[in-house]
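The values are calculated or read from the model by the stated rules, or taken from the named source; none is laboratory data. These numbers were taken from a predicted model, which means no experiment stands behind them. Heads up, the Cβs are rebuilt from the backbone with ideal geometry, glycines too, and the neighbour counts pull from every protein chain shown.
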Amino acid sequence: MSLAWLPRIALATLTVGAVAAAIPLVRYVSWRRALSATVSRDSRLLLTARGPVEVLTLGDQATGVPVLWLHGNPGGYDQLSRAVLARAEFREGLLSIVPSRPGYLRTPLSSGATPEEQAHLFAALLDSLGIPQVAVVGVSGGGPSALQFARLYPSRTRALALVFAITSRTPPDPVGRRQRLMDAVGLDDWYTWRFSTRFASIPDFDPADTAMVRSAEALLASTVPRALRRAGDDNDQRQFDRPDGWPIDGITAPTLILAGTKDITVPMAQAEFAQARIPGARLVRIAGDHNAQLTHAREVWGAVRAFVLDPTAR
């Protein structure tokens, strides 16, 4: 072979490599743009006495049992509304009030940074909606503000459900150098996109279960775009690591606690901590990790729905 061909071969190789590298990037940009365009399509922004709150309401206000759903982190109103309440079996008979907590999507962090301030914000939201009393469901990082609502507003709390929820001081998740670099160059949602094709790697995940797949896709989408959720997530990490934690004594509402026996994201000790301090709290152990909210959805969310419909039933 003549050496004169070497530059051409090298150029062709580089071209093929560049095209191969560009295809995933184009797919990622398209995926992120599509999610960003629909992120707040279902919600509205209410101005309360405590500040603006983005919220979605689902169900009949005249007949549904009012439930305040407080999402984890990162997330927004779209996390629970699309990953859980999109399934009719989990929302039937309920009037679901699903806000974005402060710092997430269109709810500014100025509306309430601490769990206590968020509890006051949600009381103001209920005032704006004309709802006197609710069952409160705190999921994962929504646990602290759910606990504070139940503590500070006992007469407005019909029941309290803690679902794989943080209940006491938790060290913040470390952010590695790679994630910081991706954030800096605008590829902050890259890893989420890459994981969107790897659901089968989740223990107990059933790719043939279409409802499970749809919920997983919605849950993953509720972290995108990260730029619209970063203020809330960063604040949550600070709040979770408060040296003094937050008080939970004095909660009188009927309380259901669900926790995963293999959960390392929110360990079982968090659930046991709450059970020991809330009189009469019932702890249900789910055989799974933090993803059991997806893989054991009927067991988890079916139990939550049954509880908020009748908190006194066993």
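So for region 60-74 (the condition being at pLDDT below 95, surrounded by fewer than 22 Cβ atoms within 10 Å (Cβ to Cβ) and part of a helix (DSSP H, G or I)), does at least one residue qualify?
No, region 60-74 has no match at all.
Within region 252-262, is even one residue part of a helix (DSSP H, G or I), in contact (Cβ under 8 Å) with a residue 40 or more places away in the chain and not small (Gly, Ala, Ser)?
No, the conditions are met nowhere in region 252-262.
Which residues, counting only those in region 126-156, are within 11 Å of Leu68 (Cβ to Cβ) and either surrounded by 24 or more Cβ atoms within 10 Å (Cβ to Cβ) or touching a Pro at 6+ places or on another chain (Cβ under 6 Å) (or both)?
Ile131, Val134, Ala135, Val136, Val137, Gly138, Gly142, Ser145, Ala146, Phe149, Ala150
Listed residues Asp173, Asp127; which is more than 19 Å from Val224 (Cβ to Cβ), acidic (Asp, Glu) and either modelled with pLDDT under 95 or touching a Ser or Thr at 6+ places or on another chain (Cβ under 8 Å) (or both)?
After ruling out the rest, the residue left standing is Asp127.
Test each condition in (1) under 18 Å from Arg106 (Cβ atoms); (2) in contact with a Pro (Cβ under 7 Å, 6 or more places away or on another chain) for Thr57 and report the one that comes out false.
(2)
Would you point out which residue out of Leu125, Leu85, Leu94, Leu56 is among the aliphatic types (A, V, I, L, M), touching a Gly at 6+ places or on another chain (Cβ under 6 Å) and in the same structural domain as Ser222 (by TED's automatic domain parsing)?
Just one listed residue meets the conditions, Leu94.
Give me the residue from region 219-234 that is modelled with pLDDT of 90 or more and crowded, with 20+ Cβ neighbours inside 10 Å and, out of that set, nearest to Arg32 (Cα to Cα).
That would be Ser222.
Suppose the filter is touching a residue at least 40 places away in the same chain (Cβ under 8 Å), outside any loop (DSSP other than H, G, I, E, B) and at negative phi; does Ser155 pass it?
No.
Hey, among Ala271, Ala231, which residue is under 22 Å from Ile202 (Cβ atoms), in a helix (DSSP H, G or I) and in contact (Cβ under 8 Å) with a residue 60 or more places away in the chain?
Just one listed residue meets the conditions, Ala271.
When you look at Leu45, is it over 14 Å from Leu228 (Cα atoms), touching a residue at least 12 places away in the same chain (Cβ under 8 Å) and in a strand (DSSP E or B), yes or no?
In short, yes.
Of all residues in region 86-115, which are among the hydrophobic types (A, V, I, L, M, F, W, C), assigned to a loop (DSSP other than H, G, I, E, B) and buried (at least 21 other Cβ atoms within 10 Å of the Cβ)?
Answer for region 86-115, where residues must be among the hydrophobic types (A, V, I, L, M, F, W, C), assigned to a loop (DSSP other than H, G, I, E, B) and buried (at least 21 other Cβ atoms within 10 Å of the Cβ): just Leu105.
Within region 274-296, can you find the residues that are in a helix (DSSP H, G or I) and either closer than 21 Å to Pro66 by Cα or β-branched (Val, Ile, Thr) (or both)?
Thr295 - this is the single residue of region 274-296 that is in a helix (DSSP H, G or I) and either closer than 21 Å to Pro66 by Cα or β-branched (Val, Ile, Thr) (or both).
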